[in-house]
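See below for the structure under consideration.
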Amino acid sequence: MYFHRFLVSNREFYFHLEELKQMGQWSELLGELLDMIEENLVLYGDKVRVRAVCAAWNSRLEKMPNHKERRLPWLLHPLTKDSQEASHGLFSFAEKKVYYLDLPDAQEKLFKGSSYGWVVTIDDVPTSCNMYLINPLTRSRIQLPPRSAFPDVVDYCADKVDEEYALVSESLCTRNCVVDGIKDGIKFYYTNHDHLINLMNKVILSSPPSCNDCVVVAVYGELKRVAYCKRNDKQWTHLNINAVLDVIFYKGKLYALKNGGLIVFDNITSTPRPNEIVVKAPLNSIFSPAYLVESSDGDLLMVSRRVYTYDGHLSSIVRTHQFGVYKLDLSNWSWIEVKNIEDDIIFLGCNSSMAFSSRDFPGFKGNCIYFTDGPLSFGGKEFKQEDSDIGVFNLEDKSVNPLPDFKCKPRFLWPLPIWII
C-alpha cells in the first residue's frame, strides 16, 4: 500500500520500473532509484521483500537491522489440517493479514520458545523428543540436545510403552514423591512422552544462533529448574536453582525470577556462579505465571499474570483476568509497582518477553499487554480455539479484549500460537 502510493506520485519512476519488469532486468535499476524505493517503505516485511528481488538489490541495500524497534512481533499459529494453503499462518499486526507458510519441519512439534526470529520446537510424537531451532521465514533448522539429554532424565527405554522415560523423582512435598526405582543413588519414576514434554516451560536465547557465543537457556522439570547448552553441546547443563518463574538476558547477564527475588549469573559461558539478590516483592503481587521483560526505555519489569481456571473440553481452561507490573529499582534492589506502562506495548507468552514503544508504530495503542497461552495451558491436540487464552489487557481500564484483526479459522489450536520477531 505504501509503495503503491509512492509509485502513483512518481509516474516517471513507475514507467521505468514497468520497462525493467518487461525486460526481466531488475538488476539494472539505477542505484539512486533503488535507494528511493527503500526509503519510502514503511513496513518491515516490505523492506525484507525488496532485498529478495535479486542479488544485486540485496547487495546494494544496507543489511537489515536486527533491532526489535523496527517491527512488531508476528503471531505464528497452526492452520486446519485440511488447509490447502500451508501448514502455518504468520499474522502481521502492522499489515493486518496472514502470511501462509509451509513449514514441514514444524509439523508434529510444540512451540517452547522464540527469540531473534527463531522458534524453539520439541517433537510431539511418542517415539522422539528432539528439540530444534526453526526460522519460519528461511526454514533453516538447527538441532539442539534432545529433551532426553536434560539432567532430570535418568534413562530412556523405547520399548516400555507409556513408561519410556525414567525421571528424577523430586517433589516440593517429599512424602508425595513417586519412586519406581533407584539408579546410582538417585530415585526415579517412569513416565511417558506427553508428561516429559509438558515439563518444559520455556526456552530463550542469549543472541542469534549464528553468534558463536549463543547460549540457550531452558526452564524445565517439576521444580522449574534451569539448564543451558552452548553451540555443539550434546547435553544440557544444570544450574543450581529451582522454582524459577521466568528467565531473561538483561544487559549481558542472565536473570532468573524466583518468587519475586532475582538470581543473576554474571557469565554463563564459563563456570556459572550465581549471585542471588533478595528483592522483596510487594504483598500479594507474585502469581504464576510471571514474566521478566525489558521496557522500551531499558528498565527491567516484572509482569505478574493473574488467571483463573475451570473445567472445559477434555482439560482445564485457563483465563487471564488481570496483570500487575513492577519495575526494578537498581539503587536499592526493590520492585516498585507501576500503574501504567505509558506508551509501551508488551508481548507475553512462551516467547522471550518483549516491549515496544507505540510511538514507533502509529495506530497502535500503548499501555497494553498482548498475551498468548502460557505454560499453564494444557490440552493437547484436542485443545479448541475457544479454549485458548489469547488477548489484549488494557492497563488503563483493566479490560481484556480479543486480539484486534486476528481471525483464525475455528479448529483445534495445537500447537499453541507464539509471538516471534
When segment 310-331 is checked residue by residue, the ones that are at pLDDT 85 or above and surrounded by fewer than 18 Cβ atoms within 10 Å (Cβ to Cβ) are Gln322, Lys327, Asp329, Leu330, Ser331
Does Tyr44 qualify as being modelled with pLDDT of 60 or more and either surrounded by 13 or more Cβ atoms within 10 Å (Cβ to Cβ) or within 29 Å of Ser353 (Cβ to Cβ) (or both)?
-> no
Please enumerate the residues belonging to segment 187-212 that are among the charged types (D, E, K, R) and in contact with a Ser or Thr (Cβ under 6 Å, 6 or more places away or on another chain).
-> Lys187
Inspect all residues belonging to segment 84-104 and state whether any of them is modelled with pLDDT of 85 or more, basic (Lys, Arg) and surrounded by fewer than 17 Cβ atoms within 10 Å (Cβ to Cβ).
-> no
The strands (runs of 3 or more DSSP E) lying wholly within segment 189-259 that contain at least 3 residues that are open to solvent by 60 Å² or more (accessible area, probe 1.4 Å) and not hydroxyl-bearing (Ser, Thr, Tyr) are none
Can we say Phe406 is at pLDDT 75 or above and open to solvent by less than 20 Å² (accessible area, probe 1.4 Å)?
-> no
Conditions (1) out of contact with any Ser or Thr (no Cβ under 7 Å at 6 or more places or on another chain); (2) open to solvent by 10 Å² or more (accessible area, probe 1.4 Å); (3) closer than 24 Å to Asn135 by Cα; (4) modelled with pLDDT of 90 or more -> Leu348 fails only (2)
Across segment 117-160, which residue is nearest to Arg225 (Cα to Cα) among those that are open to solvent by 60 Å² or more (accessible area, probe 1.4 Å), of a type in the set (Ser, Thr, Tyr) and out of contact with any Ser or Thr (no Cβ under 7 Å at 6 or more places or on another chain)?
-> Thr127
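The values are calculated or read from the model by the stated rules, or taken from the named source; none is laboratory data. Please read these numbers as outputs of a predicted model, since none were measured by experiment. Virtual Cβ from ideal backbone geometry, glycine too; neighbours counted across all protein chains shown. Surface areas here come from the heavy atoms of the whole protein model, side chains and all, with no ligands, DNA or RNA. Shrake-Rupley method; radii C 1.70, N 1.55, O 1.52, S 1.80 Å.
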